[in-house]
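Report on the structure given below.
The values are calculated or read from the model by the stated rules, or taken from the named source; none is laboratory data. As the structure is a prediction and not an experimental result, all values here were calculated from the model. Reconstructed Cβ throughout: ideal geometry from the backbone, glycine too, with neighbour counts over all protein chains shown.
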Amino acid sequence: MSEFTYQGEAGRQRPDPASTDRAAWDAYVYDRLNPAGEHNELWQHSGGCRAHLVVTRNTLTHVISSVAFAREAGRAHSAGRRGKGARS
């Protein structure tokens, strides 16, 4: 088991759970960015405190430039501040 578990792109907008729009659900489940460079990712500290983290990582070099608790990053996102690679 790894201490951290990758959980996908950070900032993805989930369709309304009551939605029956198949195209929206297909896009949410299957469409993924594949950026070269800075990318915001969601990780979980699965081998420890179980916290969710938003990690900004360069996909070419694997250098991590920032890490924030997802709950704090969500507040910043709600206030209109977005990191590189976040979806509109």
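Looking at the stretch 49-88, which of the residues that are of a type in the set (D, E, K, R), modelled with pLDDT of 50 or more and not in a strand (DSSP E or B) is farthest from Thr5 (Cα to Cα)?
The residue in question is Arg75.
Quickly run through the stretch 55-74 and pick out the residues that are under 14 Å from the mean Cα position of the chain (by Cα) and either of a type in the set (Phe, Trp, Tyr) or under 12 Å from Gly37 (Cβ atoms) (or both).
Within the stretch 55-74, Thr56, Arg57, Asn58, Thr59, Phe69 meet the criteria.
For the stretch 16-25, check the following and say yes or no: at least one residue is part of a loop (DSSP other than H, G, I, E, B) and modelled with pLDDT under 90.
Checked against the condition, which is being part of a loop (DSSP other than H, G, I, E, B) and modelled with pLDDT under 90, the stretch 16-25 yields no hits at all.
Looking at the stretch 26-48 only, could you name the residues that are of a type in the set (D, E, K, R), outside any loop (DSSP other than H, G, I, E, B) and farther than 24 Å from Glu72 by Cα?
Matches in the stretch 26-48: Asp26 only.
Among the residues of the stretch 54-77, are any loosely packed, with under 10 Cβ neighbours inside 10 Å and in contact with a strand residue (DSSP E or B) (Cβ under 9 Å, 6 or more places away or on another chain)?
No: zero hits.
Looking only at the stretch 1-15, how many residues end up being closer than 17 Å to Val67 by Cβ, assigned to a loop (DSSP other than H, G, I, E, B) and polar (S, T, N, Q)?
1
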